[in-house]
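Q: Structure incoming, see below.
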Amino acid sequence: MALVRQRRRVAIVFAALVLAALVLVMLGTGVGSTGFGSVWQAASDPLAAQIVWDIRLPRTLGAWLAGALLGLAGAVAQGLFRNPLADPFLLGSASGASLAVALTLALFGVSPFAAAWLTALGLTGAAFAGAVAAVLLTLALARGVLHTLRLLLAGVIVGVVLGALASLVTLLVPQTLPAMQAFMLGSTGFVGWPSCVLMAGVLLIGLLVAWALSPVLDGLTLGEATAQSLGLPLAPLRLALVGVIALATGAAVAQAGLIAFVGLAAPHLVRSMVQTTHSRLIALSAFTGGVLLLAADILARGVTAPQELPVGVLTAVLGGGYLLWLMHRGRGGAA
């Protein structure tokens with residue numbers, strides 16, 4: 001009976017998330033300087049159709065996809081490290097992406113050869129490569145994925161060092177500061193259809209791999225010794241889960257910049273609504289992350305219209321406030 005109630009609650013939460021996503025997508029296509037008028041005129045006005053189909057809709061879907069990737073990565077990271085404070089940037093991916101973007105901006109125009117291949121790579125490609133390279137560096141310093149504490153410490157060290165190097169590059173080349181500031185604060189303003197296709201592909205692969213490996217995360221909640229006693233080959237499976245975190249985070253950061261707290265808050269929000277296994281938690285966290293970032297993006301576009309707030313600022317304020325409320329509620333319950 002308890003299992004039936006749990007499944008029913010999971011289904012209700014999932015349906016609510018899907019409905020919220022659909023409502024927010026409709027709202028997102030109407031937020032802009034011309035309001036919902038462009039949506040109604042899209043069928044007869046080529047300019048309105050271009051605004052809706054080429055600018056607003058891909059940006060709206062891209063915000064949901066980036067949030068879903070971060071929610072997925074956050075759920076996997078918290079299960080893998082058995083730490084509710086783990087987030088997708090824990091392995092140094094954010095600092096690696098920041099350093100790669102800073103170096104790319106600094107090298108543009110310095111050398112014709114450098115400018116040629118950097119233009120082909122692009123800032124999004126550089127951010128993705130930097131995020132993945134930082135995770136690989138963390139794995140190398142930790143000597144694999146066997147020791148969770150060593151992996152966490154290596155991720156912290158890599159994040160601090162690469163973040164300092166990114167700041168140093170920005171100080172040495174001050175003209176990169178505006179672009180770096182936009183990247184650090186996060187933005188979905190430049191997401192187009194190719195970015196949506198890329199993020200959708202990574203999200204689908206990440207969900208399938210994480211779902212297939214969810215028994216590993218369930219086993220790790222009981223302790224490493226128990227997981228090993230169940231016959232799970234922890235080393236290769238952990239490496240695959242780290243790969244999911246790296247790819248999902250790298251894809252989201254490359255397209256939307258550094259978005260704070262979405263990957264941390266989404267799994268917490270799901271667990272506050274329903275208690276379930278990681279196979280369902282991962283999917284629900286992805287959908288929750290998409291709804292959170294899309295809602296924040298719509299607020300960022302509409303609160304100070306026609307100007308926009310950096311979406312990363314809103315997610316940090318709202319996500320941080322939510323986590324503080326959870327802490328206060330938990331303290332009150334304990335008392």
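Q: With each pseudo-label sitting 7 Å past Cα toward Cβ, what's the S279-L141 distance in nm, one decimal?
A: Once both label points are built, they end up 3.7 nm from each other.
Q: Sticking with this structure for a sec: Between D54 and N83, with labels modelled 7 Å along Cα→Cβ, what's the label distance in nm to one decimal, could you check?
A: Rounded to a tenth, the inter-label distance reads 4.6 nm.
Q: Can you figure out the FRET efficiency of R150 with L326, using R₀ = 30 Å and their beta-carbon distance, to the nearest 0.05?
A: Taking R0 as 30 Å, the efficiency between R150 and L326 is 0.55.
Q: Of the listed peptides 124-135, 10-21, what is their order by residue-averaged count of other C-beta atoms within 10 Å, with the highest listed first? Please report the intermediate quantities before stating the final value.
A: On the way: 124-135: 23.8, 10-21: 15.1.
The packing order, highest mean first, is 124-135, 10-21.
Q: Now for a separate question. Hey, how many Å between the Cα centroid of region 236-283 and the Cα centroid of region 133-185?
A: 19
Q: Can you give me the Kirkwood hydrodynamic radius for the chain, using every pair of distinct Cα atoms, in Å to one decimal? Walk me through the numbers before you get to the answer.
A: Numbers: mean 1/r = 0.0484 Å⁻¹.
Hydrodynamic radius (Kirkwood, Cα pairs) of the chain is 20.7 Å.
Q: Next up: Over region 231-335, what is the relative contact order in whole percent, taking alpha-carbon pairs under 8 Å and six or more residues apart? Could the numbers behind the result be given before it?
A: Details: 57 pairs, mean separation 29.3, N = 105.
Relative contact order here is 28 percent.
Q: Now a separate question. Take each complete run of DSSP H in the chain, measure how far its Cα atoms stretch along the helix's own axis, and keep only those covering 20 Å or more with mean Kyte-Doolittle hydropathy at least -0.5; list them.
A: What comes out of the filter, once short or polar helices are dropped, is 2-30, 57-80, 93-107, 112-142, 148-172, 193-212, 234-256, 278-302, 311-334.
Q: Still on this structure, I have one more. Hey, with R₀ at 30 Å, roughly what FRET efficiency would A16 and V197 work out to, going by the Cβ-Cβ distance, to 0.05?
A: Rounded to the nearest 0.05, the efficiency is 0.65.
Q: Can you work out the FRET efficiency for the pair M26 and S272, with r the C-beta to C-beta distance and R0 = 22 Å, to the nearest 0.05? Mind showing how you got there, number by number?
A: Working: r = 27 Å, r/R0 = 1.21.
Efficiency at R0 = 22 Å is approximately 0.25.
Q: With +1 on each Lys and Arg Cβ and -1 on each Asp and Glu Cβ, how big is the dipole of the chain about its Cα centre, in debye rounded to the nearest 20?
A: 920
Q: Compactness ratio of region 137-286: Cα Rg over 2.2 N^0.38 Å, N = residue count?
A: With N residues counted in region 137-286, Rg over 2.2 N^0.38 Å equals 1.20.
Q: Note down the relative contact order for the chain as a percent, whole number, built from C-alpha pairs under 8 angstrom at least six residues apart. Mind dumping the intermediate values first?
A: Numbers: 529 pairs, mean separation 102.5, N = 335.
Over the chain, the number comes to 31 percent.
Only the coordinates and a few stated rules stand behind these numbers; no lab work does. A quick note: this is a predicted structure, and the numbers were derived from the prediction, not measured. Glycine also receives a Cβ, built like all others from the backbone with ideal geometry; neighbour counts cover every protein chain displayed.
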